[in-house]
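Colleague: Mind looking over this structure? Questions follow.
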Amino acid sequence: MKIESSSPQVAHFSPDYYYEGSQSIPKEIGAIKLLRQQGQNNIVYYDWDLSFVYNTFASRPDNFGKDEIQVIFNLNQPIHWQIDGGREKVCMNPGEVCLFRNKNYETSMAYESDIKFQFKSLQMQTEYFEKLLSSYFPQDQIEECKAIFLTHVTKTGITPDMYRVLSEIDSAEKYKEFKGVFLEAKMIELIALVLYGISYNYTEINPISFSEKGEKNQNQIVASKNDLSQLEALRRRIQFNPAENYRAPELARSLSMSESKLTRLFRQVYGTSLHRYVQDQRLERAAAIISEGDSNISEAALKSGYTNMSHFAKEFQKKFGVTPKKFSKMG
């Protein structure tokens with residue numbers, strides 16, 4: 001792959017530099033969208049959306065003096081990655097998660113032009129990670145765990161349970177004042193799933209067979225890495241653009257799936273129906289718009305994808321426990 005000799009400076013800054021669009025890279029180089037969440041336990045969660053105009057080798061000379069654990073979930077494109085000046089070279093394929101200790105190393109990633117790269121990551125101080133190991137593992141296993149997780153890059157497949165927890169973290173705002181507790185629990189759950197996958201060598205996730213309780217084997221759903229990648233792309237699209245018209249038959253055709261497979265697979269991976277997820281995201285978007293105070297209730301409903309105001313009011317009260325009118329006065 002051709003690499004441009006002049007690298008953009010995007011990787012020379014901390015991710016927080018780009019948090020929620022507070023800064024951006026020049027349009028002639030590319031685009032970056034970065035969302036950040038943090039629980040009380042100092043684990044930081046990032047949701048990355050990157051694209052570059054040219055083939056780009058983005059490098060960073062160190063980790064800003066930090067010794068930390070980084071867990072990267074690659075959602076849609078192969079990423080070539082070098083650590084510690086090329087001491088370790090890793091290709092992260094779509095549907096894989098990598099865990100490594102960044103002990104203030106030089107790192108770099110190669111990005112092809114005109115391709116949108118989407119991944120999520122967890123970052124925490126190595127000291128905190130070691131405390132987690134000490135809290136949950138028997139003493140005789142702690143050194144073995146450190147030998148696995150702290151000395152080199154390890155990776156495994158992103159499982160349906162991991163996808164589910166990632167989507168739950170993305171939707172944490174709906175828990176309001178309990179968001180911090182929820183995030184802390186879900187981040188630890190996600191770390192546990194990754195450690196379990198690495199420890200038991202769950203690197204192959206193609207195909208995956210799903211079956212609902214009580215179903216016979218012939219009714220199992222089989223999902224490939226591509227199926228899961230497309231499903232996550234759809235979920236992200238709904239999350240960020242809930243007002244669009246999401247009709248299952250058209251969505252299934254666009255994903256080259258049957259409607260039955262799409263709806264059942266979505267429920268299996270994310271723990272809710274496709275229809276319910278769309279409605280929840282629309283209602284959360286409406287609540288956010290109402291809270292901002294710049295739109296009235298009817299405008300908030302329309303901007304969120306609702307045209308029937310009575311149906312909107314009924315669904316809103318069912319979800320939030322108050323009418324939209326009362327909710328607007330709570331801010």
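The values are calculated or read from the model by the stated rules, or taken from the named source; none is laboratory data. Model, not experiment: these values are computed from the prediction. In this analysis, Cβ positions are derived from the backbone assuming ideal geometry, glycine residues included, and neighbour counts consider all displayed protein chains. To get the accessible areas, we keep the full protein, side chains included, count just its heavy atoms, and leave off ligands, DNA and RNA. Shrake-Rupley method; radii C 1.70, N 1.55, O 1.52, S 1.80 Å.
Colleague: Which residues, counting only those in the range 233-251, are part of a helix (DSSP H, G or I) and closer than 18 Å to R282 by Cα?
Modeller: Passing the criteria: A233, L234, R235, R236, R237, I238, Q239, F240, A248, L251.
Colleague: Take S291 and tell me if it is among the hydroxyl-bearing types (S, T, Y), surrounded by fewer than 16 Cβ atoms within 10 Å (Cβ to Cβ) and more than 30 Å from the chain's Cα centre (by Cα). Don't jump to the end; show me each part of the working.
Modeller: Numbers: among the hydroxyl-bearing types (S, T, Y): yes; surrounded by fewer than 16 Cβ atoms within 10 Å (Cβ to Cβ): yes; more than 30 Å from the chain's Cα centre (by Cα): no.
The answer is no for S291.
Colleague: Looking only at residues in the range 309-331 that are of a type in the set (S, T, N, Q) and surrounded by 13 or more Cβ atoms within 10 Å (Cβ to Cβ), which one is farthest from S295 (Cα to Cα)?
Modeller: Of everything passing the filter in the range 309-331, Q317 is farthest from S295 (Cα to Cα).
Colleague: Additional query: Confirm whether G30 is at pLDDT below 80, open to solvent by less than 30 Å² (accessible area, probe 1.4 Å) and either in contact with a helix residue (DSSP H, G or I) (Cβ under 9 Å, 6 or more places away or on another chain) or of a type in the set (V, I, T) (or both).
Modeller: Taking the combined requirement at face value, the residue does not satisfy it.
Colleague: Which members of the range 252-273 meet the condition of being open to solvent by 10 Å² or more (accessible area, probe 1.4 Å), part of a helix (DSSP H, G or I) and in contact (Cβ under 8 Å) with a residue 12 or more places away in the chain?
Modeller: Across the range 252-273, the qualifying residues are K261, T263, R264, Q268, Y270.
Colleague: Name the one entry in S134, S113 that is more than 27 Å from Y54 (Cβ to Cβ), open to solvent by 10 Å² or more (accessible area, probe 1.4 Å), over 16 Å from the mean Cα position of the chain (by Cα) and hydroxyl-bearing (S, T, Y).
Modeller: That would be S134, the only listed residue that is more than 27 Å from Y54 (Cβ to Cβ), open to solvent by 10 Å² or more (accessible area, probe 1.4 Å), over 16 Å from the mean Cα position of the chain (by Cα) and hydroxyl-bearing (S, T, Y).
Colleague: For residues in the range 240-251 being buried (at least 17 other Cβ atoms within 10 Å of the Cβ) and not aliphatic (A, V, I, L, M), which is farthest from D49 (Cα to Cα)?
Modeller: Y246
Colleague: Counting just the residues of the range 159-182 that are over 13 Å from the mean Cα position of the chain (by Cα) and surrounded by 16 or more Cβ atoms within 10 Å (Cβ to Cβ), which one comes out nearest to I142 (Cα to Cα)?
Modeller: F182
Colleague: Can you name the number of the only condition in (1) assigned to a loop (DSSP other than H, G, I, E, B); (2) in contact with an Asp or Glu (Cβ under 9 Å, 6 or more places away or on another chain); (3) closer than 30 Å to Q230 by Cα that Q118 fails?
Modeller: (1)
Colleague: Within the range 97-109, identify whether any single residue is touching a Pro at 6+ places or on another chain (Cβ under 6 Å) and either in contact (Cβ under 8 Å) with a residue 12 or more places away in the chain or not small (G, A, S) (or both), and answer yes or no.
Modeller: Yes - at least one qualifying residue is present in the range 97-109.
Colleague: If I filter the range 246-256 for residues that are closer than 20 Å to A172 by Cβ and out of contact with any Pro (no Cβ under 9 Å at 6 or more places or on another chain), do I get at least one hit?
Modeller: Within the range 246-256, the first condition is being closer than 20 Å to A172 by Cβ, and the residues that meet it are none.
No; the residues of the range 246-256 include none that is closer than 20 Å to A172 by Cβ and out of contact with any Pro (no Cβ under 9 Å at 6 or more places or on another chain).
Colleague: Any residue in the range 137-151 that is in a loop (DSSP other than H, G, I, E, B) sitting within a Cβ distance under 6 Å of a residue that is open to solvent by less than 80 Å² (accessible area, probe 1.4 Å)? List the pairs, counting only those 6 or more apart or interchain.
Modeller: F137/C145; L150/R101
Colleague: Under 6 Å between Cβ atoms, which residue pairs at least 6 apart in sequence (or on different chains) link something in the range 76-89 that is on the phi < 0 side of the Ramachandran plot and modelled with pLDDT of 85 or more with a partner that is hydroxyl-bearing (S, T, Y) and open to solvent by 40 Å² or more (accessible area, probe 1.4 Å)?
Modeller: Close Cβ pairs (under 6 Å, with a partner that is hydroxyl-bearing (S, T, Y) and open to solvent by 40 Å² or more (accessible area, probe 1.4 Å)) amount to I83/Y105.
Colleague: Specify the residue that is surrounded by the fewest Cβ atoms within 10 Å (Cβ to Cβ); the eligible residues are those in the range 121-131 that are in a helix (DSSP H, G or I) and hydroxyl-bearing (S, T, Y).
Modeller: Top of the filtered list is Y128.
Colleague: Here is a further query. Failed condition for G305, given (1) assigned to a helix (DSSP H, G or I); (2) surrounded by 19 or more Cβ atoms within 10 Å (Cβ to Cβ), with all others met?
Modeller: (1)
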